[in-house]
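Each remark here refers to the structure printed beneath this line.
The values are calculated or read from the model by the stated rules, or taken from the named source; none is laboratory data. Worth saying up front: this structure is predicted, and the values here are computed from it rather than measured. So basically every Cβ, Gly included, is an ideal-geometry build from the backbone, and we count neighbours across all protein chains shown. Ligands, DNA and RNA are stripped out before the accessible areas are found, and what is left, the full protein with its side chains, is counted by its heavy atoms. Shrake-Rupley method; radii C 1.70, N 1.55, O 1.52, S 1.80 Å.
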Protein chains: 2
Amino acid sequence: MSGEEGLVSVGSRPLSDYVLSVVILFNQGVKRVILKGRGGNISKTIAVYNAVKDRLGDAVKLENIEIGSEYLNKKRVSYIRIVLSR
Amino acid sequence: MSGEEGLVSVGSRPLSDYVLSVVILFNQGVKRVILKGRGGNISKTIAVYNAVKDRLGDAVKLENIEIGSEYLNKKRVSYIRIVLSR
């Protein structure tokens, strides 16, 4: 995959899987990666951001953070969207 | 308490407690309220923001969101800081 934007949805897999996904996307030339997590995975989503920042440092920029809630199976859940760019 | 800035640390109490804390701070004339949550409470911190936004609507403005990690008892934990103003 290559292009302008990539999405990494953080779920129940190990943290390192998502960190790797982000790094691979950037290596493939994607300009902007969106990390998204819902409910109980929000904390892990931020941990993924921290780990990416540790590895890539100034090569990656925190462009935007968006928080809110959405309906999933008629239940309201909080979410976070972290936009990273290089 | 009155003044420029108030801090609400989101922990293990019920969500409504924190929503009430924010509303009371604003009613007391505080200009800016910082919602802070760590680790597993980050999702709840966003839920508090959503609930405050539901109740106060345009009267409250999302000024900034900061994410990162810090050391607590030698363990690294993620955090979120949500800055609200009116």
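Within the protein assembly as shown, DSSP assigns beta bridges of which about 75% are antiparallel (rounded to the nearest 5).
The accessible-area loss of the range B:25-65 on complex formation, taken against its chain alone with a 1.4 Å probe, reaches 50 Å² or more at B:Ser43, B:Ile46, B:Asn50, B:Ile65. Ranked from shortest, the separations from the 7 Å Cα-to-Cβ label point of B:Ile24 to its equivalents in the other copies are 5.0 nm. Projecting the Cα atoms of A:Val52, A:Gly37, A:Ser85 onto the charge dipole of the range A:16-86 (Cβ charges, centred on the Cα centre) puts A:Gly37 farthest toward the positive pole.
For B:Glu63, the accessible area of its heavy atoms, probed at 1.4 Å with every protein chain present, is near 80 square angstrom. The magnitude of the dipole of chain A, with charges of +1 and -1 set on the Cβ of Lys/Arg and Asp/Glu and taken from the Cα centre, is near 300 debye. Note on B:Ser21: accessible area is roughly 40 Å² with a 1.4 Å probe, heavy atoms of protein only.
Couplings 3J(HN,Hα) of the range B:9-25, computed from phi: 8, 8, x, 8, 6, x, 3, 4, 4, 6, 4, 4, 4, 5, 4, 4, 4 Hz, in residue order, whole Hz [Karplus 6.51 cos²θ - 1.76 cosθ + 1.60, θ = phi - 60°; x for Gly and Pro].
Rounded to the nearest 10 square angstrom, A:Ile65 shows an accessible area of 20 square angstrom against a 1.4 Å probe. The Cα atoms of the protein assembly as shown define a convex hull whose projected area, averaged across directions, is 11.2 nm².
Bridging of A:Lys53 to aspartates and glutamates at a Cα separation below 13 Å is possible for A:Glu63, once same-chain residues fewer than 8 apart are set aside.
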